[in-house]
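To start, the structure under review is shown below, and the notes come after it.
Laboratory data are not the source of any read-out in this text; all were calculated from the coordinates shown. Quantities reported herein were computed from a predicted structural model and do not represent experimental measurements. We place every Cβ from the backbone using ideal geometry, glycine too, and count neighbours over all the protein chains shown.
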Amino acid sequence: MATYQTKAIVLKREDIFEADRIYHLYTEDFGRVRAIAAGVRKIKAKLTGHLEPFNLIWVELMTKKGGDLFITTALSETSLLKKNASPNQVALFAKMSDFTLKMLRGQEKDAAIWNFILTGFSTAQSVETRLSAQADTADKFLREYKSGLAQILGFGSNLDEAMYYLGDFS
C-alpha cells in the first residue's frame, strides 16, 4: 500500500454505501483522481469539513490492493467559494466543476492545467452574480473559463469542437 501527499481541489462528491463518499479531485501532482473517504458521513467524522466541494486541500491518498485510492488525511487550506456566496455563485462554481470533470479524462500531472483551474476558481469568487443585469457577467466568465480550459487541452479556441468531443451537441 503506497501513500501519496499532494494539494487538491475538491470538484465533486458522491455518496456511496452507508457512510462513505467518492470524491473527484484535481490534484497538483497527479491530475484528476477519484478517491474514497470511508466513514466520512458519520456524525463524528473528522474529514467531513475539510472535504467540502470547492475547497483547496492538502490530502494524503493511499492505494489498496484493488488499485482504489482512499483518502486517509485531509486538511483544508482555503475555501475557494466565499462563505456568504449567493445561489448563483454556487451554480457558477458547480458549472465550472462539471465542465472541468468532463474535459479531464485521466490522471495526468499538468502544471498549466492546475494553475488555470486554481486561478479560475479563485477569480470566480469575485464574479458578481447577484443582480440580473450581471448574470451576463457570470455567463461570460463561464464561457471564458470553458474556452481557456479547452485551449490548454489542445482544442485551440474552438469551444464548439470541445463540446462536440464531450458529446454535448447543444
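Things worth noting here:
- Helix 135-150 and the long axis of the chain differ in direction by around 70°, with both axes built from C-alpha atoms.
- FRET efficiency, Met1 to Asp136 (Cβ-Cβ, R0 45 Å, nearest 0.05): 0.35
- Charge dipole (Cα centre; +1 on Lys/Arg Cβ, -1 on Asp/Glu Cβ; no other charges) of the range 1-156 amounts to roughly 280 debye.
- Residue (of Val40, Ala74, Ser86) at the positive-pole extreme of the range 39-88, dipole from beta-carbon charges: Val40
- Using alpha-carbon coordinates, inclination of helix 111-124 to the longest axis of the chain, degrees: 70
- Taking 0.36 nm per residue of separation and subtracting the Cα-Cα distance, full extension of the segment from Glu14 to Ala38 would add 7.4 nm.
- Ranked by the mean number of other Cβ atoms within 10 Å per residue, highest first, peptides 67-77, 51-61, 4-14 order as 51-61, 4-14, 67-77.
- Structure-based [θ]222 nm, the chain - -39500 (n - 2.57) summed over DSSP H runs of at least 4, per residue, nearest 500: -10500 deg cm²/dmol
- At 1.567 mPa s and 4 °C, Stokes D of the range 66-132 from Kirkwood alpha-carbon radius, µm² per second: 92
- Cα-derived Rg over Rh, computed across the chain with Rh taken as Kirkwood radius: 0.98
- Nearest 10 degrees, 0 to 90: helix 87-103 Cα axis against the chain principal axis: 80
- Positive-end residue, the chain charge dipole about Cα centroid, Cβ charges, pick of Ser97, Phe17, Tyr145: Phe17
- Across the alpha-carbon atoms of the range 3-79, the computed radius of gyration and Dmax are 11.2, 33 angstrom.
- For the residue pairs Lys12/Lys65; Lys64/Lys95; Lys83/Lys140; Lys42/Lys102; Lys65/Lys95; Lys7/Lys102, alpha carbon separations beyond 28 Å are given by Lys64/Lys95; Lys42/Lys102; Lys65/Lys95.
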